[in-house]
Every structure is written in C-alpha cells, then in structure tokens.
Amino acid sequence: MPLLSTDSLPGHRVTFGADQPLKLDSGITLAPYTIAYQTYGRLNEQRSNAILVCHALTGDQFVAETHPVTGRPGWWEAVVGPGKLIDTDRFFVICANVIGGCMGTTGPREINPATGKVFGTKFPVITIGDMVRAQARLLDHLGIEQLFCVIGGSMGGMQALEWASKFPKRVFAAVPIACATYHSAQNIAFHEVGRQAIMADPNWCSGNYIARGKNPTKGLAVARMAAHITYLSEAALTRKFGRRLQDRDMVTYGFDADFEVESYLRHQGITFVERFDANSYLYITRAMDYFDMEAEHGTVAKAFADTSVRFCVISFTSDWLFPTSESREIVHALNAAGANVSFVEIATDKGHDAFLLDEPEFHKTLGGFLDGCCEHRGLPRR
Amino acid sequence: MTATVRARADLRPDLQHIADMIAPNSRALDIGCGDGALLEYLVHAKQCDGRGVELSQTGVHACVSHGLSVIQGDADTDLEHYPDQAFDYVVLSQTLQATRQPHVVLSHLVRIGRHAIVSITNVGYWRTRLSLLIQGRMPIVGAPDHRWYDSPNIHLCTTRDFLDLCKELDFVVERGLSIDRRGSARQVTMIDRLANLRDEQGIFMLSRAKR
C-alpha cells in the first residue's frame with residue numbers, strides 16, 4: 001500500500017527556488033527544494049527565544065502534537081509543550097523535517113521538478129551538513145539570526161553538533177543528546193542490514209516502487225525491527241518481555257510470534273511502514289553513516305575552535321548504540337577547544353530511546369541547563 | 001526552581017579560604033566540585049568563568065541543574081584533554097587523596113592552570129596521630145561515613161609529605177595556608193613542621209616552575 005500523500009499534512013512549508021539552490025556536500029546542487037516544518041509558541045520581540053529541535057532518523061516535524069498519520073502523541077511531547085521543559089509558553093520552538101525526509105520536505109518520495117517524476121534513488125545523497133545548511137535557510141526565512149538553543153537526540157544530536165560547528169555565531173547553546181561526532185563501525189553495520197533488507201524486498205523495484213504502485217513494506221519493516229533492538233537494551237527487553245509467551249500457554253512448535261518480544265517487534269515494523277518511506281530510510285541512514293567531524297576537521301577540537309556556544313552533552317548508561325564513551329569523546333574535544341561544556345551520564349536501563357522517554361534525572365538536568373542559559377541570555381527562567 | 005546564590009557564610013570554611021585566593025573575573029576550573037558550592041560562589045560572587053569536574057552523578061546533577069557548567073569526569077582520566085594554561089586557577093579541594101595517581105594529577109593541575117589550588121587533609125594532625133597511637137586503629141580521615149576498607153581516600157598524606165612531593169615535582173609553592181579545627185588559617189612555609197602537627201588541613205597555591 002502506498003504512503004499517504006504529504007500534500008494533506010498540516011504545518012508550514014517554505015520553498016526555496018532556483019535562485020536559492022542548496023549546495024550539497026556531494027557536489028550536487030539541489031533546487032528548488034521545500035522544507036516542511038512546525039512551530040510552537042511565539043518568537044519574542046528580540047527574536048532571542050527560538051529553540052530548534054532536530055529530529056532523529058525516523059522522527060519528523062510533529063514534535064509536540066498528535067501525529068497526523070499515526071494519531072499518536074508527538075515524538076517529544078514528554079519534553080516540548082506548554083509548561084514543559086522546552087516550554088512553548090516561553091520559547092519559540094521550530095522543528096523541521098530533514099532534507100531527504102518523507103513528511104513534506106524535499107526527499108526521494110517527492111517529484112523531481114526536472115523530470116516530473118518521483119526522485120526515488122535519483123535523489124542526491126545527503127549529509128548531516130546538508131540537513132543543517134537547509135535548516136539555516138529556514139531560519140533566514142523566519143528572520144532568526146541566532147538560536148537560543150539547538151537540541152536533539154541521536155541523529156538530532158549530530159545536527160546539534162554540526163550546527164554549533166558550522167554556525168557558532170547563530171547558536172547560543174547546544175544540547176547534543178545520545179550521539180557522537182562520528183557513526184561507529186557497529187552503527188554503520190546495523191544501518192547496512194536495514195538497507196539490505198529494504199533492497200532485498202522485490203517491491204523495492206530498484207527504488208522505483210512509487211511509480212510502480214508498490215511499497216517495500218516487508219523490507220522496511222525488517223529494517224525497523226532490527227534497528228529497534230538497537231534502541232533498547234537487554235535489560236529493558238528482559239524487563240518488558242522476558243521470555244513471556246504472546247497470548248498462549250506454550251510454544252507452538254512453529255514460526256508464529258510465540259514470544260511477546262516477537263509480537264512487539266512485528267508491531268513496531270508494521271506501524272512504521274504506515275508513516276515512513278523506504279527510500280528515505282536509505283538516504284537518512286547514509287547521512288548518519290557519513291557523519292565524521294574528525295575526518296572533516298582533522299581533530300574534533302578544531303571543529304569547535306574558539307566556540308562561544310554553551311554545550312550540554314547528555315548520555316545514557318544503557319545506550320549501546322551511542323555509548324557514553326562516545327559522548328565523553330565529544331566532551332574531551334570540547335574541553336580541548338576550551339568550550340563551556342556540561343556533561344551528564346544518566347543512569348537508566350532504557351537504552352538509546354531513553355532520551356524520548358520520561359526520565360526524571362534527564363529532565364532535571366536539561367531543565368537546569370536551559371535555566372542557566374536563560375539567565376545568561378537574559379530570558380525569563382522557569 | 002531558581003539557583004540561589006549561596007551566602008558567603010554558607011561556604012565551608014576551607015572553600016571560603018580557597019575562594020579568597022581567586023581573583024574576580026578569572027577563569028577557574030574546580031575538579032571534584034561536589035554539589036558546586038564553591039563554583040556557584042565563584043560564578044555569582046566573583047563573576048568568574050567557572051567550570052567543574054565531578055565524579056558522582058548526584059553531584060553533577062546538582063551542579064548542572066543549578067546552571068553550572070560541570071562535566072561528569074574523573075581527575076585521573078579526564079585532565080589530559082585540557083590544553084595548557086587554559087584556566088587562571090585550577091582547584092582540587094579535598095580530592096587529591098581519592099585519586100589513583102596524585103603526582104600525575106598535580107602535574108596536570110599546574111599545566112592546565114596558571115595557578116593550582118590544592119587542599120588536603122593533614123594526616124599528621126596531632127589528633128589523628130594520637131588516635132592511632134591510643135586506639136591502634138586506622139584513623140578515618142576526610143571520609144567520616146566510611147571505614148578503612150571502603151573509604152574513597154586511598155592516597156592520604158601529611159602536609160609535610162605533600163610539600164615534599166611539590167618539591168620533587170619542581171612546583172613553586174606560591175602560598176600555603178594551614179587550617180585549624182575552627183577553620184581559621186595561618187600562612188605556612190615549606191619548613192613549617194609545627195603546622196604539620198597542629199593543623200587539620202592545608203591549602204596550597206602551586207604553579208609550574210619557570211623554565
């Protein structure tokens with residue numbers, strides 16, 4: 001079943017024409033292109049209270065409202081909203097679907113204006129740097145010179161780091177959560193498994209499934225299932241499911257979902273394909289794989305030389321996708337650069353996904369950091 | 001939740017002595033900053049650009065949620081990444097005895113900071129000596145909630161030991177304060193044997209020898 005058209009999605013769009021092309025890291029120029037984004041709260045008179053929330057691999061711009069496709073709560077409603085930590089009564093919150101995404105921003109599922117056909121795998125390979133450059137254009141469009149804060153977890157954290165590195169004057173504070181300055185070999189390996197699962201689905205049709213009226217949902221679901229395991233932890237899986245059986249008293253000696261954990265993963269796969277485009281998954285995983293600040297700058301410290309950005313780096317003890325050791329590397333590089341940095345490792349068994357969940361210690365830390373930054377920036381505190 | 005500036009009177013006496021050694025508007029790094037009492041004072045009362053390093057999660061949480069710039073880290077492993085002379089002052093208060101390699105840590109302090117301020121608990125204090133002599137049991141120094149086998153303090157020393165090490169490492173001891181039980185301070189010099197017996201704590205400002 002094909003995905004619903006993005007035309008009907010709520011929220012804002014801005015299209016940058018041929019006169020404002022986006023020069024991609026690959027050397028290719030993208031024009032025109034559209035960014036779909038959501039905003040919450042009001043920009044103050046000084047235009048100093050904007051927070052850019054960067055979404056993760058499979059996130060989107062619907063950060064703090066009911067998702068228009070799934071009907072589920074926004075992906076970070078635990079943190080963003082009126083009276084929440086990222087208080088939309090005080091801050092102007094922006095969240096944009098990344099370049100290469102599938103929720104209205106230009107990506108492989110949209111029409112290539114040059115050919116009148118769906119981009120598919122003709123879409124250029126994009127990078128974290130490209131995503132951030134496109135977001136900078138969006139800020140220009142919104143008339144925001146400097147963000148109060150750029151924040152994100154996982155791939156969103158990579159974007160926060162990239163923002164601070166490439167546009168230090170446009171960022172007052174940055175909060176990279178559960179991320180790293182590079183994608184590790186293990187993470188690239190997991191992404192490759194996901195991509196191969198998609199490409200092995202006969203409905204992928206070499207990337208042309210939309211034109212053929214097909215959708216590689218089986219492959220995409222397997223990709224999601226494999227990835228989802230990496231977002232949790234062994235302890236969390238054991239706590240949530242153990243070896244419990246799904247609606248039965250004994251194993252069936254077959255390949256049905258006997259175990260609760262199997263049923264859960266299948267559900268994750270099935271619901272994911274209703275809202276996500278398989279080619280987008282290929283492109284965005286690639287963007288993460290290519291991220292490597294050391295390769296780009298020589299040392300990570302050079303990427304942040306003389307930065308005035310205030311950083312708060314946060315990691316989670318049970319995150320094995322972006323382990324604390326990788327956050328510590330960020331901190332060491334920032335220390336070497338003389339940056340103003342706070343770093344907290346939160347004890348939790350919830351794995352990588354802990355940043356999306358209700359983790360009181362995490363929220364306390366984040367709230368305190370933002371309060372401190374408000375004081376320095378002359379914004380009202382909680 | 002608002003970060004209240006701790007009043008001067010609220011600072012632990014040894015921390016107040018350290019704070020008094022630090023010039024306003026300077027850059028200071030507090031290693032083993034605990035709940036951030038000194039750091040908060042330096043930032044708010046002395047307008048310092050203050051940063052901290054703290055091992056315990058509760059300490060780091062307390063600091064960061066009060067808006068202080070503190071990283072969760074370890075004096076033994078996280079100092080090598082700081083560039084030379086990055087701070088005007090590097091403070092290590094009541095932490096040296098808990099490090100695995102005090103001499104290495106001290107060398108980093110004078111490398112990272114133009115001045116290093118180190119406070120130690122003096123095991124040569126007469127009450128400590130007497131308690132060992134009379135009771136025949138390992139004195140519990142600097143960690144009253146612990147026993148000898150679970151104390152974090154693995155490298156305790158006397159004031160005299162400490163000053164000997166400074167000499168060995170070729171540090172300049174710019175200032176020395178010896179703190180008695182009531183918290184009042186006296187200047188000490190390299191050769192002050194009496195302070196080693198009389199006073200419970202020592203605070204020293206060190207720097208790297210000019211070459």
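Listed values, structure above:
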{"item": "Residues whose placed amide H lies under 5 Å from that of A:VAL313, excluding near-sequence neighbours", "result": "A:SER342, A:PHE343, A:VAL344"}
{"item": "Across A:LYS218/A:LYS350; B:LYS46/B:LYS167; A:LYS117/A:LYS214, pairs whose alpha-carbon gap is larger than 23 Å", "result": "A:LYS218/A:LYS350; B:LYS46/B:LYS167"}
{"item": "Cross-link partners of A:LYS166 among lysines (Cα-Cα below 28 Å; sequence separation of 8 or more within a chain)", "result": "A:LYS23, A:LYS122, A:LYS302"}
{"item": "DSSP bridge orientation in the protein assembly as shown - percent antiparallel, rounded to nearest 5", "result": "40 percent"}
{"item": "222 nm mean residue ellipticity, helices alone, for chain A (DSSP H n ≥ 4; -39,500 (n - 2.57); rounded to 500)", "result": "-10500 deg cm²/dmol"}
{"item": "Trypsin sites (Lys or Arg not before Pro) lying in DSSP loop within segment B:38-103, provided at most 13 other Cβ fall within 10 Å", "result": "B:ARG100"}
{"item": "Percent RCO, i.e. relative contact order, over chain B, from Cα pairs under 8 Å lying at least 6 residues apart", "result": "18 percent"}
{"item": "Exposed-site-free run, longest, chain A (rule: chymotrypsin sites (Phe, Trp or Tyr not before Pro); DSSP loop; at most 11 other C-beta within 10 Å)", "result": "A:1-252"}
{"item": "Whole-Hz ³J(HN,Hα) from phi, Karplus 6.51 cos²θ - 1.76 cosθ + 1.60, for segment A:365-381, glycine and proline x", "result": "5, 4, x, x, 4, 5, 4, x, 5, 4, 4, 5, 8, x, 9, x, 8"}
{"item": "Highest-MSF residue in chain B out of B:LEU15, B:LEU55, B:LEU96 [GNM, Cα springs under 10 Å]", "result": "B:LEU55"}
{"item": "Estimated vicinal HN-Hα couplings, Hz - segment B:48-60 in sequence order (Karplus 6.51, -1.76, 1.60; Gly, Pro = x)", "result": "7, 8, x, 10, x, 10, 8, 7, 7, 5, 5, x, 4"}
{"item": "Exposure rule at most 14 other beta-carbon atoms within 10 Å, DSSP loop GluC sites (Glu not before Pro): chain A longest free segment", "result": "A:146-273"}
{"item": "Descending semi-axes in Å of the protein assembly as shown, equivalent ellipsoid built from Cα gyration tensor", "result": "52, 27, 20"}
{"item": "Mean separation of Cα contacts under 8 Å, 6 or more apart, over the residue count of chain A: relative contact order %", "result": "17 percent"}
{"item": "Test item: Cα-centred dipole of chain B, Lys/Arg +1 and Asp/Glu -1 on Cβ, debye", "result": "660 debye"}
{"item": "Calculated Rg and Dmax of segment B:122-161 using C-alpha coordinates, Å", "result": "10.0, 26"}
{"item": "Over segment A:189-284, volume per residue of the alpha carbon convex hull, in Å³", "result": "118 Å³"}
{"item": "Within segment A:226-315, trypsin sites (Lys or Arg not before Pro) in DSSP loop having at most 13 other beta-carbon neighbours inside 10 Å", "result": "A:ARG243, A:ARG244, A:ARG248"}
{"item": "Table column - 3J(HN,Hα) (Hz), segment B:89-98, Karplus curve with 6.51, -1.76, 1.60, x for Gly and Pro", "result": "9, 10, 10, 10, 9, 6, 10, 3, 5, 9"}
{"item": "Total formal charge among the other residues, if their Cβ is under 13 angstrom from that of A:PHE343, Lys/Arg +1 and Asp/Glu -1", "result": "-3"}
{"item": "GNM result for chain B, Cα springs below 10 Å: residue of B:THR189, B:THR95, B:THR77 fluctuating most strongly", "result": "B:THR77"}
{"item": "Exercise: per-residue mean of other protein chain Cβ atoms within 10 Å, B:65-78", "result": "6"}
{"item": "Taking segment B:88-141 and dividing mean pair separation by its residue count, relative contact order in percent (alpha carbons under 8 Å, at least six apart)", "result": "37 percent"}
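Every number here is computed from the coordinates shown, using simple stated rules; none is lab data. Model, not experiment: these values are computed from the prediction. Here Cβ is always computed from backbone atoms with ideal geometry, including for glycine, and neighbour counts include all displayed protein chains.
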